[in-house]
1. Can you go through 31, 72, 51 and tell me which one is among the acidic types (Asp, Glu) and surrounded by 10 or more Cβ atoms within 10 Å (Cβ to Cβ)?
2. Step by step: first the residues of segment 34-48, then only those that are surrounded by fewer than 10 Cβ atoms within 10 Å (Cβ to Cβ) and among the small types (Gly, Ala, Ser), then the one that is modelled with the lowest pLDDT. Which residue is that?
3. Could you say whether any residue in segment 54-77 is modelled with pLDDT of 80 or more and either part of a helix (DSSP H, G or I) or closer than 30 Å to residue 14 by Cα (or both)?
4. Residues being part of a helix (DSSP H, G or I) and open to solvent by 90 Å² or more (accessible area, probe 1.4 Å): count how many of those fall in segment 17-28.
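The values are calculated or read from the model by the stated rules, or taken from the named source; none is laboratory data. Since we're looking at a predicted model, the values are computed, not measured. Cβ: placed from backbone, ideal geometry, glycine included. Neighbour counts: every protein chain shown. Ligands, DNA and RNA are excluded from the accessible area calculation, which covers all protein heavy atoms including side chains. Shrake-Rupley method; radii C 1.70, N 1.55, O 1.52, S 1.80 Å.
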Amino acid sequence: MTNDKAQVMLDVDILNQLSTASIEERIAVIEMILKSLKQDLQASHAPTIAEQRPLRGTVCHYDAPYEPVAAEDWEATL
């Protein structure tokens, strides 16, 4: 038996079991699937541009961009 055929048979068996399961059991299966998907999404989370460069696009303002900084603090300028 090929692997694909075995997988299809397994899927049919699972569906047959689910068709006879109670609503509570079906809900439990759905919750397990969603939990697994959530873990997979968290594990494969790629950082966005905003996460990689948090200051990109923020406003910068310079009051006097060409003036010396703290010139009065330098002894050589006295």
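1. Of 31, 72, 51, the one residue that is among the acidic types (Asp, Glu) and surrounded by 10 or more Cβ atoms within 10 Å (Cβ to Cβ) is 31.
2. 46
3. The answer is no, given that none of the residues of segment 54-77 is modelled with pLDDT of 80 or more and either part of a helix (DSSP H, G or I) or closer than 30 Å to residue 14 by Cα (or both).
4. Result for segment 17-28: 5.
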